[in-house]
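Read the structure below first, then the notes.
The values are calculated or read from the model by the stated rules, or taken from the named source; none is laboratory data. Bear in mind the structure is a predicted one, so any value in this text is a computation, not a measurement. Cβ sites come from the backbone with ideal geometry, for glycine too, and all protein chains shown count toward neighbours. SASA here: full protein model, heavy atoms, side chains in, ligands and nucleic acids out. Shrake-Rupley method; radii C 1.70, N 1.55, O 1.52, S 1.80 Å.
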Number of protein chains: 2
Amino acid sequence: MDFRVLHTDGNARTGRLALARGTLSTPVFMPVGTMGAVKAISPHELLDVGAEIILCNTYHMYLRPGQETVAEAGGLHKFINWDRPILTDSGGFQVYSLSPLRKISEDGVTFRSHIDGSAHFIGPRESMEIQRALGSDIVMAFDECTPYPSTYDYTLKSLELTTRWAEICLKNVEKPQTLFAIVQGGVFKDLRLQSARQLKDMNFDGYAVGGVSVGEPKEIMHEIIGYMAAELPSDKPRYLMGVGFPEDILAAVEAGFDMFDCVIPTRTARHGTLLTTHGRIIIGNSRFRRDHTPLDSDCGCYTCLNFTRSYLNHLYKAGEILGIRLNTIHNLYFYLDLMKKIRAAIEQDRFSSFKMDWLSAYQ
Amino acid sequence: MDFRVLHTDGNARTGRLALARGTLSTPVFMPVGTMGAVKAISPHELLDVGAEIILCNTYHMYLRPGQETVAEAGGLHKFINWDRPILTDSGGFQVYSLSPLRKISEDGVTFRSHIDGSAHFIGPRESMEIQRALGSDIVMAFDECTPYPSTYDYTLKSLELTTRWAEICLKNVEKPQTLFAIVQGGVFKDLRLQSARQLKDMNFDGYAVGGVSVGEPKEIMHEIIGYMAAELPSDKPRYLMGVGFPEDILAAVEAGFDMFDCVIPTRTARHGTLLTTHGRIIIGNSRFRRDHTPLDSDCGCYTCLNFTRSYLNHLYKAGEILGIRLNTIHNLYFYLDLMKKIRAAIEQDRFSSFKMDWLSAYQ
């Protein structure tokens, strides 16, 4: 891995993150392919919308089809037929958010599968092993994603465990995989800084901020975004996990973050919420029934070039899979196009005015 | 419309059906796009799998989004972004199969929408009007699709009504739309022949056999297929409606039919049943979990060229839309490729041996 900051504009920055399977232009958005498929989209459509890297979930791939099956297939890239970079999370977040029963010990987490109730154990060693079998390009350290709300004491103990686990991950990662650490610390600034400091001392390839967008009020999230980036090494990629809406990403870029992932564009698309430069559209709304114009006439995506709002409205109401597909293509294109515009604005030292203009058009 | 028989091999024949929007090679299979979308598939993927014409359902488009909306959009082709030929059925079949309440009179059928229970009326005039607003290339005469089982007396009265309606349709069709009549007569050979005779006398552009594959035993359907084609004009396209499995299509081609439509390839795909030259595959079966070979190594479709059985098994079990899409692409390609092989075999006067070989490999 090689990361270079190319240009800064305030705290916002563009960069190049070179990985064996491809070079990413940062700030970058990573579509989420939870179970080895970005929902409703083919790998070729992902290329068409401009995706440079996708995220897959270790927890899901571990449970089904299992990392042995993926390894047998030649790794995740071959299994899903995507030859550009893949980032896998550590499994930590899903173990907490999806598993009906879990028990944390010093070595890891015992939990039950949300699919069939079977018992499993994943700790930092296991997470590194699974991610190695998957063969992802960027692997994440196994962490406890502290829930919201948590007490100060619990959050402190939890981040210290995450730090000890991070150390084990560092010892167990093997090249060419690139390991990122995850800063925890909940809503407590001093704990966030403590977590960042401990992890910085271990010299990871990149740093992520986890445990945000887990139910805390939006102002608290933005407060964390605001002070967190500056606490992470400036010569390493900074990844804000699971965030967010376009306005959140703009704020985080402004603060100095480089990498993002979120299910919002794909999930909202499936429910008929479409993003345009002039704000959100609920495509099932009857005012679109006879609207024979493109969804967004400024957009260059397959959906906008080939179909009308009227047809998208019809597909939505009829429950057609094609509607979900076309919506997903549009929303992903919209996010990836936004990142392109963000990078251009930073390069041209006009990020702040770009952000203001963009947000006022989006109202 | 211009139809030419190009070559005959026994009763099987190849032909060219020239329509304003494209020329079809017969025997032809028409993928079904019930509500203005072939389920899970984009129009560009339809081209990729080799579709030359698709079928849309008048009943569904009438109820939602309504033919006025479609006409406003510039017709069905523009609405759904498919510029090759479209055949619309008359609405007759769905009025009987989907509507919870219906009352037949000399003028047509009063029925309730299966979507919202609202009251509607469609007769031969209305069907022609709706299909004209949709702007399809081939329109079907409004018929009563006699249910199975029906008495001889009911079937006789029903086919005579269908004949009178066909006459009204003939008076109300406008060029460039091409009108096909539908032969009814249930399971009674003399009534089938009577229906065919009456409709032949009116000189339609093409002739369809309806009211088969509506629940009757397979032997009865094959009996009807066996004697029916010869009773239809040899210089007009012969269309067997709603049939069927590959083995049914092979039998019908042998009898002299030229056109087919069926939801089997798309519907079974959504439920994980995939067709290969060596028979059907239930992709969710655990024996495919670690099978890292293509679904059908003889197949040239996008799915078989890019993905493995193991991945398709995973997508199916995970309930991923991409699985439904890849399955649908494969099954449609399989059907359209079968038609290509059928045409080649007829051209080379070896249809009978082709059929035998194909069926024995498919067991």
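Which members of the range B:198-217 meet the condition of being without any contact (Cβ under 8 Å) to a residue 24 or more places away in the chain and closer than 20 Å to residue B:259 by Cα?
B:203
With respect to residue B:315, is the statement that it is open to solvent by less than 20 Å² (accessible area, probe 1.4 Å) and either charged (D, E, K, R) or within 14 Å of another protein chain (Cβ to nearest Cβ) (or both) true?
Against the criterion (open to solvent by less than 20 Å² (accessible area, probe 1.4 Å) and either charged (D, E, K, R) or within 14 Å of another protein chain (Cβ to nearest Cβ) (or both)), residue B:315 qualifies.
Could you check the range B:191-216 and list, in sequence order, the residues that are open to solvent by 50 Å² or more (accessible area, probe 1.4 Å), touching a Pro at 6+ places or on another chain (Cβ under 9 Å) and assigned to a loop (DSSP other than H, G, I, E, B)?
If the condition is that a residue be open to solvent by 50 Å² or more (accessible area, probe 1.4 Å), touching a Pro at 6+ places or on another chain (Cβ under 9 Å) and assigned to a loop (DSSP other than H, G, I, E, B), then B:203, B:205, B:215 are the ones that fit.
Out of the range B:296-312, which residues are at the interface with chain A (Cβ under 7 Å from one of its Cβ atoms), among the polar types (S, T, N, Q) and either open to solvent by 30 Å² or more (accessible area, probe 1.4 Å) or not in a helix (DSSP H, G or I) (or both)?
Of everything in the range B:296-312, those that are at the interface with chain A (Cβ under 7 Å from one of its Cβ atoms), among the polar types (S, T, N, Q) and either open to solvent by 30 Å² or more (accessible area, probe 1.4 Å) or not in a helix (DSSP H, G or I) (or both) turn out to be B:306, B:308.
Does residue A:359 meet the test of being part of a helix (DSSP H, G or I) and open to solvent by 20 Å² or more (accessible area, probe 1.4 Å)?
Answer is yes for this residue.
Confirm whether residue B:266 is modelled with pLDDT of 95 or more and either within 14 Å of chain A (Cβ to nearest Cβ) or in contact with a strand residue (DSSP E or B) (Cβ under 9 Å, 6 or more places away or on another chain) (or both).
Yes, satisfied.
With respect to the numbered conditions (1) open to solvent by less than 10 Å² (accessible area, probe 1.4 Å); (2) small (Gly, Ala, Ser); (3) at pLDDT 95 or above; (4) in a loop (DSSP other than H, G, I, E, B), which one is the sole condition not fulfilled by residue A:244?
(3)
Sort out for me the strands (runs of 3 or more DSSP E) sitting completely within the range A:1-76 that have 3 or more residues that are under 25 Å from residue A:142 (Cβ atoms) and at pLDDT 95 or above.
A:28-30, A:54-56
I need a count of the residues in the range B:51-81 that are within 11 Å of chain A (Cβ to nearest Cβ) and among the polar types (S, T, N, Q).
Looking only at that region, the number is 2.
Considering only residues that are of a type in the set (Lys, Arg) and within 14 Å of chain B (Cβ to nearest Cβ), which ones fall in the range A:318-356?
Passing the criteria: only A:325.
Name, by its number, the condition in (1) within 27 Å of residue B:309 (Cβ to Cβ); (2) touching a Gly at 6+ places or on another chain (Cβ under 7 Å) that does not hold for residue A:64.
Tallying (1) within 27 Å of residue B:309 (Cβ to Cβ); (2) touching a Gly at 6+ places or on another chain (Cβ under 7 Å), residue A:64 fails exactly one: (2).
Let's see how each residue does on (1) touching a Ser or Thr at 6+ places or on another chain (Cβ under 9 Å); (2) more than 30 Å from residue A:16 (Cβ to Cβ); (3) in contact (Cβ under 8 Å) with a residue 40 or more places away in the chain:
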{"position": "A:83", "(1), (2), (3)": "no, no, yes"}
{"position": "A:89", "(1), (2), (3)": "yes, no, yes"}
{"position": "A:92", "(1), (2), (3)": "yes, no, yes"}
{"position": "A:120", "(1), (2), (3)": "yes, yes, yes"}
{"position": "A:123", "(1), (2), (3)": "yes, yes, yes"}
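Under 6 Å by Cβ, and 6 or more places apart or on different chains, what pairs join a residue from the range A:47-73 that is crowded, with 20+ Cβ neighbours inside 10 Å with one that is modelled with pLDDT of 95 or more and aromatic (Phe, Trp, Tyr)?
A:49/A:333; A:70/A:79; A:73/A:79
Residue B:134 is checked against (1) modelled with pLDDT under 95; (2) within 14 Å of another protein chain (Cβ to nearest Cβ); (3) in contact with a strand residue (DSSP E or B) (Cβ under 9 Å, 6 or more places away or on another chain) and fails just one. What number does that condition carry?
With (1) modelled with pLDDT under 95; (2) within 14 Å of another protein chain (Cβ to nearest Cβ); (3) in contact with a strand residue (DSSP E or B) (Cβ under 9 Å, 6 or more places away or on another chain) applied to residue B:134, the lone miss is (1).
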